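Student: Structure below; questions to follow.
The values are calculated or read from the model by the stated rules, or taken from the named source; none is laboratory data. Treat the numbers as computed from the prediction; the structure is a model and nothing was measured. Backbone-built Cβ (ideal geometry, glycine too); neighbour counts: all protein chains shown. Heavy atoms of the whole protein, side chains included, go into the accessibility calculation; ligands, DNA and RNA do not. Shrake-Rupley method; radii C 1.70, N 1.55, O 1.52, S 1.80 Å.
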Amino acid sequence: MSEEASPTPQTSTPAPPINAVTKDTPPVVLVLGMAGSGKSSFVQALTSHLHKKRNFPYVINLDPAVRKVIFPANIDIRDTVDYKKVMKDYELGPNGAIMTCLNLCCTRLQEMLGLVSARSSQFPVCLVDAPGQIEAFTWSASGSIITDSFASMFPTVIAYVVDSARSTNPTTFMSNMLYACSILYRMKLPFFLVLNKSDIVDPAFLQKWMQDYEQLGASIEDAREAYINNLTHSLSLVLDEFYASIPTVKVSARTGEGMDDVMATIEKCKAEYFEKYQPAYNELLKERLAKDVKAAGDKLNDINITENPNPEAEADSE
C-alpha cells in the first residue's frame with residue numbers, strides 16, 4: 001500500500017480504539033453512487049476547491065478498474081492490486097474482479113489506516129472514492145470491513161451522489177431513493193445526498209419531490225407508464241418518511257458550484273456522528289466483548305484440566 005502524494009515514507013500503525021476518536025479528528029467521507037452519477041468528478045471538484053483554499057484533503061481511490069484517476073490520490077488501490085491480472089488469474093468477470101480486488105485490499109487495510117492516521121493532523125477531510133459498481137462495495141463483506149474500520153477510527157460520513165439529469169424521470173428518482181435508503185440503514189452512518197450536475201438541470205425539483213409526496217405523485221402520473229407507475233407509487237408511500245429527512249446539497253462537479261455547502265454539510269454530519277453513531281458503536285463493542293469473554297469462559301470449562309496430565313508415568317515411577 002503506497003502513498004503517492006507523500007514526500008516521506010510512512011510506517012503502519014495499529015488502529016486505535018474508537019474512544020481515541022475526538023472532535024478534532026478529521027472526517028472521512030465515503031463517496032458512493034450509481035455508475036455514471038459523477039462520483040469521481042465530484043471528488044475531483046471538491047479536491048480542487050479545497051486546494052484553492054490551501055486546505056489540502058487526503059484522497060483515496062478504491063476503484064481498481066478505473067483507467068485514469070482524475071484527482072491527486074494519496075493512496076491508490078491500483079498500486080496494490082492489478083485488476084486485469086486478477087481477472088486473468090482467477091478467471092473472473094469485471095464485477096467479480098472488483099470484489100476480489102477489494103478483498104485483497106482488506107489484507108493490507110491496517111497499513112492503509114495507519115497511513116491515514118499518521119497524517120490526520122495535516123488534512124481537513126479524507127475523501128474516499130468507491131468503485132463505480134455500487135453493489136460491489138456496499139453489499140460485499142470487504143466493503144463492510146472497510147467502512148466499519150474507518151468508522152472505528154474517524155468520524156465517517158456517507159455522500160451519495162445522484163445524477164440530477166437522469167433523475168428527472170420519477171422512476172429513476174425512486175430507484176435512487178431506494179438505493180440511498182438501503183445504504184443508509186445498512187451502514188448506519190451519517191448520510192447526505194449530493195445532487196450532482198446542477199449545471200445541466202436544477203435539482204430543486206428533486207428536493208420538492210423528497211418533501212412533497214403529492215407533487216411526486218402528480219409527476220408519476222404525468223409519466224404515463226402504467227405498470228411501473230403503480231410500483232413507483234407504492235415505493236414512494238413506503239420510503240417517503242425515510243428519505244424526507246436526508247440532507248441534500250446541490251452541486252456541479254463541472255463548475256464547482258455548491259462545494260462550500262458540501263463542506264458545511266460534512267461538518268453537520270460529523271457532529272451527528274458523535275451524537276448518535278459513536279455511542280451506538282461503543283455499545284456494540286461492549287456487547288461483542290461480553291460475548292467473546294463468555295465464549296472464552298465456556299471453552300475453558302470444556303477443557304478437562306487435571307493436576308497430573310500423565311498418570312501412566314506416575315504409576316511407572318512407583
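Student: Filter the stretch 231-267 for residues that are open to solvent by 60 Å² or more (accessible area, probe 1.4 Å), out of contact with any Ser or Thr (no Cβ under 9 Å at 6 or more places or on another chain) and either acidic (Asp, Glu) or touching a residue at least 60 places away in the same chain (Cβ under 8 Å) (or both) and give the result.
Tutor: Result: Glu241, Phe242, Asp260, Asp261, Glu267.
Student: For the stretch 22-76, what are the residues that are open to solvent by less than 10 Å² (accessible area, probe 1.4 Å) and among the charged types (D, E, K, R)?
Tutor: The one that is open to solvent by less than 10 Å² (accessible area, probe 1.4 Å) and among the charged types (D, E, K, R): Asp76.
Student: Just to verify a result, which residue in the stretch 116-133, among those that are open to solvent by 10 Å² or more (accessible area, probe 1.4 Å) and in a helix (DSSP H, G or I), is farthest from Met187 (Cα to Cα)?
Tutor: Among them, the one singled out is Ala118.
Student: When you scan the stretch 64-85, how many residues do you find that are in contact with a Lys or Arg (Cβ under 9 Å, 6 or more places away or on another chain) and under 23 Å from Ala118 (Cα atoms)?
Tutor: The number of residues fulfilling the criteria is 2.
Student: Same structure, new question: Checking the conditions here, which among Lys291, Lys270, Lys276 is open to solvent by 60 Å² or more (accessible area, probe 1.4 Å), of a type outside the set (S, T, N, Q), closer than 21 Å to Leu189 by Cα and assigned to a helix (DSSP H, G or I)?
Tutor: Exactly one of Lys291, Lys270, Lys276 is open to solvent by 60 Å² or more (accessible area, probe 1.4 Å), of a type outside the set (S, T, N, Q), closer than 21 Å to Leu189 by Cα and assigned to a helix (DSSP H, G or I), namely Lys276.
Student: Taking the stretch 253-300, which residues are out of contact with any Lys or Arg (no Cβ under 8 Å at 6 or more places or on another chain) and hydroxyl-bearing (Ser, Thr, Tyr)?
Tutor: If the condition is that a residue be out of contact with any Lys or Arg (no Cβ under 8 Å at 6 or more places or on another chain) and hydroxyl-bearing (Ser, Thr, Tyr), then Thr255, Thr265, Tyr273, Tyr281 are the ones that fit.
Student: Just name the residue that is surrounded by the fewest Cβ atoms within 10 Å (Cβ to Cβ) out of those in the stretch 160-200 that are more than 21 Å from Ser140 (Cα to Cα) and among the charged types (D, E, K, R).
Tutor: Asp199
Student: Could you check Ser144 against (1) assigned to a helix (DSSP H, G or I); (2) closer than 26 Å to Ser252 by Cβ; (3) of a type in the set (Ser, Thr, Tyr) and say which number it fails?
Tutor: Of the numbered conditions (1) assigned to a helix (DSSP H, G or I); (2) closer than 26 Å to Ser252 by Cβ; (3) of a type in the set (Ser, Thr, Tyr), the odd one out for Ser144 is (2).
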